[in-house]
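The values are calculated or read from the model by the stated rules, or taken from the named source; none is laboratory data. These figures come from a predicted structure and were not determined experimentally. So basically every Cβ, Gly included, is an ideal-geometry build from the backbone, and we count neighbours across all protein chains shown.
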Amino acid sequence: MSLDLRLFDADGKIIYGLDHNKLLPNNNNMWYAEVPATGHSILVHDQHAVTVLSVNYINKLAMRLSGQFHYAGHTVTVGEDGILMDTIKINSALISSPTGAMISIPKRP
């Protein structure tokens, strides 16, 4: 499983990219990125020491993704508690695509 993405800050400046899991850091707009010793995760921290991306590869077919994502003036935060878009919070969600891919965010007790 590979991941392609471009991660932007609130000003629209690119922080970090992944191209088929190849790390593409923008050292001018991030503090640091790390691949923990297990080699199954990627963590990216912005210039304010906030973890803006966390990817944990669970197995060949699944990954856990969380972070802060900015697009067109909106901020979407994806975490263990759910999804927060601006002021709208989703505590539990199941999202599917036409290809059959699903994202499930279970409610925490």
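Key figures
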quantity: Hits in region 19-44 - residues which are of a type outside the set (D, E, K, R) and closer than 22 Å to residue 80 by Cα; calculated: 33, 35, 36, 38, 39, 40, 41, 42, 43, 44
quantity: Region 4-29 residues that are over 14 Å from residue 74 (Cα atoms) and polar (S, T, N, Q), paired with ones that are in a strand (DSSP E or B) and modelled with pLDDT of 85 or more (beta carbon under 8 Å, 6 or more apart); calculated: 26/14; 26/15; 26/16; 26/17; 29/14; 29/15
quantity: Among residues of region 68-96, those that are at pLDDT 80 or above, touching a strand residue (DSSP E or B) at 6+ places or on another chain (Cβ under 6 Å) and in a loop (DSSP other than H, G, I, E, B), counted; calculated: 0
quantity: Residue within region 45-57 that is farther than 20 Å from residue 83 by Cβ, hydrophobic (A, V, I, L, M, F, W, C) and at pLDDT 85 or above present; calculated: yes
